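Asker: Please find one structure pasted underneath; my questions will follow.
The numbers here are math on the coordinates, done by the rules we state, and not lab data. Just so it is clear, the model here is predicted, and its values are computed rather than measured. For neighbour counting, all protein chains shown are included, and Cβ atoms are generated from backbone atoms with ideal geometry for every residue, glycine included.
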Amino acid sequence: TITVSDVYRDINGNIDPDGTIFDPETKKIDSEISWLQRGIIPRSVILTEYLSNWKGDDWIRTTCTEFNSGTFDNTEITNLNPPPADNCGIKLLEIEAGSTFFASSDVGKHGFAVDVDGNYAYLATNDTQKGLNVINVTDRMYPSIASFKNIGGKGRYVRKDGNYAYVGIENSTGGLAIVDVSNPANLSIASTINLGASGNQPAIKDNYLYATINQVTNSLKIYNITNKNSPSLTKTLNFGDSIHAIDIRGNYAYLGSYDDYAGLRIIDISDPANAHQVGFLNVDEEVNAIIVSGNIAFLGTEEDDDSLRVIDISDPTNPIPITSVDTDDGEIQDLSISGDYLYAAIDESHSGMAAFNISNPYSPQYVYS
C-alpha cells in the first residue's frame, strides 16, 4: 500500500507531524508491505521517503545575512516569512515594466497618425487648416511645434521618406499631399494628388508611391514620383474593397483590407507597372494595421478580442495563420516594432497602447497596456 500525504514544518523549517506550516512543494510517501507470517502472524514493514518538487518556485535559501555578504547584480532581495529564520527571496529586476505617460504636444486637434525621423515627428492632424504638424522632439521632455501646413483638408495618414512627407487628405474630393520637409520649420507642398477619395496609409519604395484609398473601387494606386512636383500614375488595382493599411518588404506589398473575407492581401510589386495580387487570407475581420518582420506579418484588426493576428508569410502566395493574441482592450489601429517589442495603438480610452514581447515572433506575449 502506497500512501501520499501532505507535509508540515515547524517554525525552524523542520518536518514535524505536529507542524503548522504547510509545505506545498514536498510530499510524504509511505510504502507499506503487509503479510501473514506462516499464514498466521500479521507482519508489516513501512518505508518512508519525502519527494520534493525541487523545480518549484518556493525556494529555501541561505539566510539574508549570508546572501548579502556575496556579490550579485540585477537582483532584488526580499525578506520572506520564516521558516527558516532570516529567510530571503531574490528576484530578477523587471525587464518588462509598463510604460508611463512621458510628455505631449498640443496641436489643437487629435492626431490621426505619426511618423518619426530623427528629432522630428510628423503628425497627420484632424484639422482642416493644419493637416500636417511637425513636432520637434529633440528634448523628449518638452516637445514643441516646429511648423504646420495646410494640405487642403484633414490629415489622415503620414509617411516620411527622405526630404518628403506623404500625407493622406480627407476633404470633399480626397487625395494625398507630397510635402517638402527638408526644412522642418518651413514646409512647402510639392504636389497634391487627387485620388477620388480620402487617402489612407501610403508607402514608398524606390521611386514609387503606393497610395491606399478609402473607396471600394480602385483602392490602390501606384505613382512614379521621380519628379515629386509631377507624379505620374503607373498602375491602378481594383479589389472591390477599400484598403486601409500597407507595408512593403522586398518585392511584395502587404495590404490590410476592409473586407472581412480577404483582410490580408499580398501584391507582387517587382514590376510596379504590372503589380498584381498573388495571395490573400481570410482573417474574419477588417485589418486596420499591418507590419512585417522577417517571415511574419502582424495584423491589427477591428476585433475587440484576439485583435492581434500573427501570419506566416514565408510563402507570399500562401499566407498561413499562426496564432492570435487577445489584448482585452479593443481594436488595434496601428502597429510599430522596436527591438523585441511590438506596440499597438488601441481605440480604448483607458488603454491607448498595448505592448507585446515578440522575441519569439511565433508566440507573442501580451506584456502590458
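Asker: Label 7 Å along Cα→Cβ of S34; the stretch 1-26 residues with amide nitrogen under 16 Å?
Answerer: 1-4
Asker: What translational D, rounded to a whole number of µm²/s, comes out for the stretch 192-322 from Stokes-Einstein when the hydrodynamic radius is the Kirkwood one over Cα pairs, at 4 °C and 1.567 mPa s?
Answerer: Roughly 89 µm²/s, to the nearest whole number.
Asker: Take the eigenvalues of the Cα gyration tensor for the stretch 139-269, scale each by 5, and report the square roots as semi-axes in whole Å, largest first.
Answerer: 25, 16, 15
Asker: Using a Cα-Cα cut-off of under 19 Å, which lysines could be cross-linked to K221, ignoring same-chain neighbours fewer than 8 residues away?
Answerer: K160, K205, K235
Asker: Sticking with this one: Give, in nm to one decimal, the length gained when the segment between T48 and N318 is fully stretched (0.36 nm per residue of separation minus the Cα-Cα distance).
Answerer: Computed gain between T48 and N318 is 91.2 nm.
Asker: By how many nm would the segment from A273 to N194 lengthen if fully extended, with 0.36 nm per residue of separation less the alpha-carbon distance?
Answerer: 26.5 nm
Asker: Return the loop-located chymotrypsin sites (Phe, Trp or Tyr not before Pro) in the stretch 223-302 (DSSP other than H, G, I, E, B) with at most 12 other Cβ atoms within 10 Å of their own Cβ; answer none if there are none.
Answerer: Sparse-neighbourhood loop chymotrypsin sites (Phe, Trp or Tyr not before Pro): Y261.
Asker: Could you work out how much longer the chain between M141 and N295 gets when fully extended? Use 0.36 nm per residue separation minus the Cα distance between them, nm to one decimal.
Answerer: Full extension of this stretch gives 51.8 nm more.
Asker: Of T100, T212, T26, which has the largest mean-square fluctuation in a 10 Å C-alpha GNM of the chain?
Answerer: Greatest mean-square fluctuation among the candidates belongs to T26.
Asker: Still on this structure, I have one more. Which of D306, D268, D315 ends up with the largest GNM mean-square fluctuation for the chain, with Cα atoms connected below 10 Å?
Answerer: Of D306, D268, D315, the most mobile in the Gaussian network model is D315.
Asker: Sticking with the crude label model, points 7 Å out along Cα→Cβ, report the distance from D73 to T173 in nm, one decimal please.
Answerer: Those two pseudo-labels are separated by 6.3 nm.
Asker: Dividing the convex hull volume of the Cα atoms of the chain by its residue count, what figure in Å³ per residue is obtained?
Answerer: 217
Asker: Of I46, I222, I243, which has the largest mean-square fluctuation in a 10 Å C-alpha GNM of the chain?
Answerer: Sorting by GNM fluctuation, first place goes to I46.
Asker: Roughly how far apart, in whole Å, are the Cα centres of the stretch 214-239 and the stretch 276-339?
Answerer: Result: 24 Å between the Cα centres.
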